[in-house]
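Worksheet for the structure shown next.
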Amino acid sequence: MARRKKIYEGKAKILYEGPEPGTFVQYFKDDATAFNAEKHDVIEGKGVLNNRLSEFFMVGLTAIGVPTHFIKRLNMREQLIRQVEIIPLEVVVRNVAAGSISKRLGIEEGTPMPRPIVEFYYKDDALGDPLVSEEHIIAFGWATQQDLDDMVALALRVNDFMSGVMLAVDIKLVDFKIEIGRIWEGDFMRLVVADEISPDSCRLWDMKTGQKLDKDVFRRDLGSLTDAYTEVARRLGVLPTNVTHATKPTLIN
Ligand code: UDP
């Protein structure tokens, strides 16, 4: 079989040309990075978990009418997605203070926000993804005012959905990041949720114990990242059934 054409390789995923025009195959790697890739490790099984979890969230979003790039999962590490034009912004929604907002504004981690706060970061690794305002976004042409209004509405719908799904399994959705893309249908353009939604891009705290079940486990060396992600997957009922830790083949009579 001919090798697939690689379109783009990022820190945690690879995009390949899809089977039909307008599609890509998104491959989830086991690589974990933090602090703008200063910290890097390969964590066996992370890609499989994120592929399943992202599928679960994207399918749920589609079911409630939030458009996404997701078409279907192909195998343990790959999913078929629609090709979109990524808007060069990371959209962060915060329900509880943690991470950069705590540092920047001196708000103690764990402080509830008076209302969900939507922030935009300009996607540029060399600059360390700086926080930008709507003024910058419009002035520099990264998105229009209409796009921004739509992006905020989309991000808040994702927040409501994700908060509810997590609440049902005793997990607090502290914050998350999404990326948004444009899809053109003739002359019409619409915005869809793209990239991935997984514990790599969310902060998830156990409601009872406060235990962190997200990438902060890696960022802050708090234990096993796969154990944390597996716990999220187990609670949501999306644990991959064909991943086992058995090392020896078993004889079946
Ligand atoms: N986030 C992400 N990718 C990034 C930056 C942030 O997925 O490049 C997520 C992060 O996991 C958290 C949320 O966005 O759930 C807010 O991150 P924050 O601004 O607090 O930055 P951090 O503390 O991760 O540097």
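We did not get these values from a lab; they are worked out from the coordinates using the rules stated. These figures come from a predicted structure and were not determined experimentally. Please note: Cβ atoms are built from the backbone with ideal geometry, for glycine as well, and neighbour counts cover all protein chains shown.
Residues in the stretch 197-234 that are closer than 22 Å to Val59 by Cβ, near the ligand (Cβ under 9 Å from one of its atoms) and among the acidic types (Asp, Glu): Asp200, Asp214.
Name every residue in the stretch 80-106 that is hydrophobic (A, V, I, L, M, F, W, C), within 12 Å of the ligand (Cβ to nearest atom) and crowded, with 18+ Cβ neighbours inside 10 Å, in order of residue number. Walk me through it before giving the result.
Step one: list which residues in the stretch 80-106 are hydrophobic (A, V, I, L, M, F, W, C), which gives 80-81, 84, 86-87, 89, 91-93, 96-98, 101, 105.
From the residues that got through so far, the ones that are within 12 Å of the ligand (Cβ to nearest atom) too are 89, 91-93, 96-98, 101, 105.
Those that are hydrophobic (A, V, I, L, M, F, W, C), within 12 Å of the ligand (Cβ to nearest atom) and crowded, with 18+ Cβ neighbours inside 10 Å: Leu89, Val91, Val92, Val93, Val96, Ala97, Ala98, Ile101.
Would you please name the residue that is nearest to Pro88 (Cα to Cα), looking only at residues in the stretch 107-125 that are outside any loop (DSSP other than H, G, I, E, B) and more than 13 Å from the ligand (Cβ to nearest atom)? Walk me through it before giving the result.
Of the residues in the stretch 107-125, the ones outside any loop (DSSP other than H, G, I, E, B) are 112-122, 125.
Subsequent filtering for residues that are more than 13 Å from the ligand (Cβ to nearest atom) retains 112, 114-115.
Details: Pro112: 28, Pro114: 28, Arg115: 25 Å.
Step by step, filter the stretch 107-125, then rank; the result is Arg115.
Checked against the criterion of being within 15 Å of the ligand (Cβ to nearest atom), under 25 Å from Leu49 (Cβ atoms) and either in contact (Cβ under 8 Å) with a residue 60 or more places away in the chain or not in a strand (DSSP E or B) (or both), the stretch 70-79 contains not a single residue that satisfies it.
Within the stretch 1-32, track down each residue that is in a strand (DSSP E or B), touching a residue at least 12 places away in the same chain (Cβ under 8 Å), of a type outside the set (A, V, I, L, M, F, W, C) and under 29 Å from Asp227 (Cβ atoms).
Of everything in the stretch 1-32, those that are in a strand (DSSP E or B), touching a residue at least 12 places away in the same chain (Cβ under 8 Å), of a type outside the set (A, V, I, L, M, F, W, C) and under 29 Å from Asp227 (Cβ atoms) turn out to be Lys13, Gln26, Tyr27, Asp31.
Taking the numbered list (1) closer than 20 Å to Asp175 by Cα; (2) out of contact with any Phe, Trp or Tyr (no Cβ under 7 Å at 6 or more places or on another chain) in turn, Glu135 passes all entries but (1).
Might you let me know whether the stretch 162-181 holds any residue that is surrounded by fewer than 22 Cβ atoms within 10 Å (Cβ to Cβ), within 16 Å of the ligand (Cβ to nearest atom), within 23 Å of Asp41 (Cβ to Cβ) and among the polar types (S, T, N, Q)? No. Just one of the listed residues (Ser102, Ser54) is touching a residue at least 40 places away in the same chain (Cβ under 8 Å), in contact with an Asp or Glu (Cβ under 6 Å, 6 or more places away or on another chain) and not in a strand (DSSP E or B), and it is Ser54. Within the stretch 33-46, residues that are in a loop (DSSP other than H, G, I, E, B) sit with their Cβ atoms under 7 Å from residues that are within 16 Å of the ligand (Cβ to nearest atom), at 6+ positions apart or across chains, in these pairs: Asn36/Asp125; Asn36/Gly128; Ala37/Lys11; Ile43/Ala32; Ile43/Leu225.
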